[in-house]
Structures are given as structure tokens and as C-alpha cells.
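Values in this text are rule-based calculations from the coordinates and carry no lab data. Every value quoted in this text rests on a predicted model; they were computed, and no experiment measured them. Please note: Cβ atoms are built from the backbone with ideal geometry, for glycine as well, and neighbour counts cover all protein chains shown.
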Amino acid sequence: MSEITMRGTTILTVRKGDQVVVIGDGQVTLGSTVMKGSARKVRRLHDGKVIIGFAGSTADAFTLFERFEGKLKEFGGNLRRSAVELAKDWRTDRALRRLEAMMICADAEETLVLSGSGDVIEPDCGVAAVGSGGKFAESAALALTRHTDMGAEEIGRAAMAIAADICIYTNDNLTVETLEVAQ
């Protein structure tokens, strides 16, 4: 997978027990300046059955949100098929392939990470993160998943707090979306 580091956001997903959560911080930066602290980078799509989080510019986010919603409609809510078709378009379309971004998407059954390089990756352990603070949040979430009895949302919130303490491009103003998962 190509390593795209988005500065100005952290998106984390944790799947544990009967929940999957996608959490994004609210910080938007321009260079080394904080422009906004309360951006909403996590959204629900497909009648609330799919959650996506986005690391990249606002215009890129809205473009990809709309395209992904269209793919979900076209393929009857099938997350994997929609993600693969979006990744194909993202890689081959002249306008889309210029977007430098990463997305996390989750439904009740699976979690996927998408990139403009055509990657569609399902994490092995139920934890994935993208963005500038992504590796900090992911590391913390993995440790908490393995060594505590905390639930998905509690782990996600704690991991994002750790990332915000370390990454200057991540804040603690969180958007949290949770789904109950099939067991």
C-alpha cells in the first residue's frame, strides 16, 4: 500500500464485540496553522448502514463521499463491491486520480481502507487508522484491544486522545459514529 500521510486529521476504526466505531478528529490545518477545530470528517451513508471517515482535503472528501454513495446505491449496499469499484474509478479517472486522500469505511460485517492507489484493504485485527495521527491512534487501539476489556467506542476514544497528545495535526474534538455488528 502506498504511504500517503494526510496532515490535519486522524481517522480510526475499531471493531470489537458487538460494535464497530469510526472516529475522526476535527482539526483542519493549513501548513502549520490550525484553521478549524471542529470539522466533521466522519459520515454515515446508505441510510446510516455504512460509516466512512476521510483524510484529505474537503473538496476531495465531498467528491469521494458522493461517488461512494453512488456506488453503494448501484451495488445494493454491498460495501466490498462498492469499495472496489470506487477504487478502480479513483485510480483510473483523470480527475479523481489527482486526489490525495484515504478513506476508512465500515458496515455491520466488514471494515475497509481505501486509497487513490487502488488499495482496498481489510485489516486483520479490526483496527485501522489513516491520517497524520493514524499510526499513533492505531497503535494505542491495538494495545487497548488486546489488553483491556474496553468496548470498541471506549477504545476508540482513548486511542484518539493518545493520538491528540502526540500528533500536532490531531485534536480531541471527535466525531464518533457507531454501528452494532452481526455476530
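For this structure, a couple of remarks:
- Likely footprinting exposure, MET35, MET150, fewest C-beta neighbours within 10 Å first: MET35, MET150
- Fewest-first sequence of ARG94, ARG67, ARG81, ARG15 by Cβ atoms within 10 Å of each Cβ: ARG94, ARG81, ARG67, ARG15
- Contact order relative to length of the chain, as percent, for alpha carbon pairs under 8 angstrom and 6 or more apart: 34 percent
- Principal axis box of the stretch 52-127, alpha-carbon based, largest edge first, Å: 31, 26, 20
- Rh by Kirkwood over Cα pairs, then Stokes-Einstein D for the stretch 75-183 at 1.306 mPa s and 10 °C, µm²/s: 105 µm²/s
- Charged neighbours of HIS46, selected by a Cβ distance under 12 Å, balance to +1 (K, R count +1; D, E count -1).
- Listed by chain and number, the lysines whose C-alpha is less than 25 Å from the C-alpha of LYS16, apart from same-chain residues fewer than 8 away, are LYS41, LYS49, LYS135.
- Full extension of the chain between SER57 and ASP18 gives 10.8 nm of extra length, using 0.36 nm per residue less the Cα-Cα distance.
- Only DSSP H runs of four or more residues enter the estimate; each adds -39500 (n - 2.57), and after division by the residues of the chain the mean residue ellipticity at 222 nm equals -10500 deg cm²/dmol.
- For the stretch 14-98, average projected area of the Cα convex hull in nm²: 6.8 nm²
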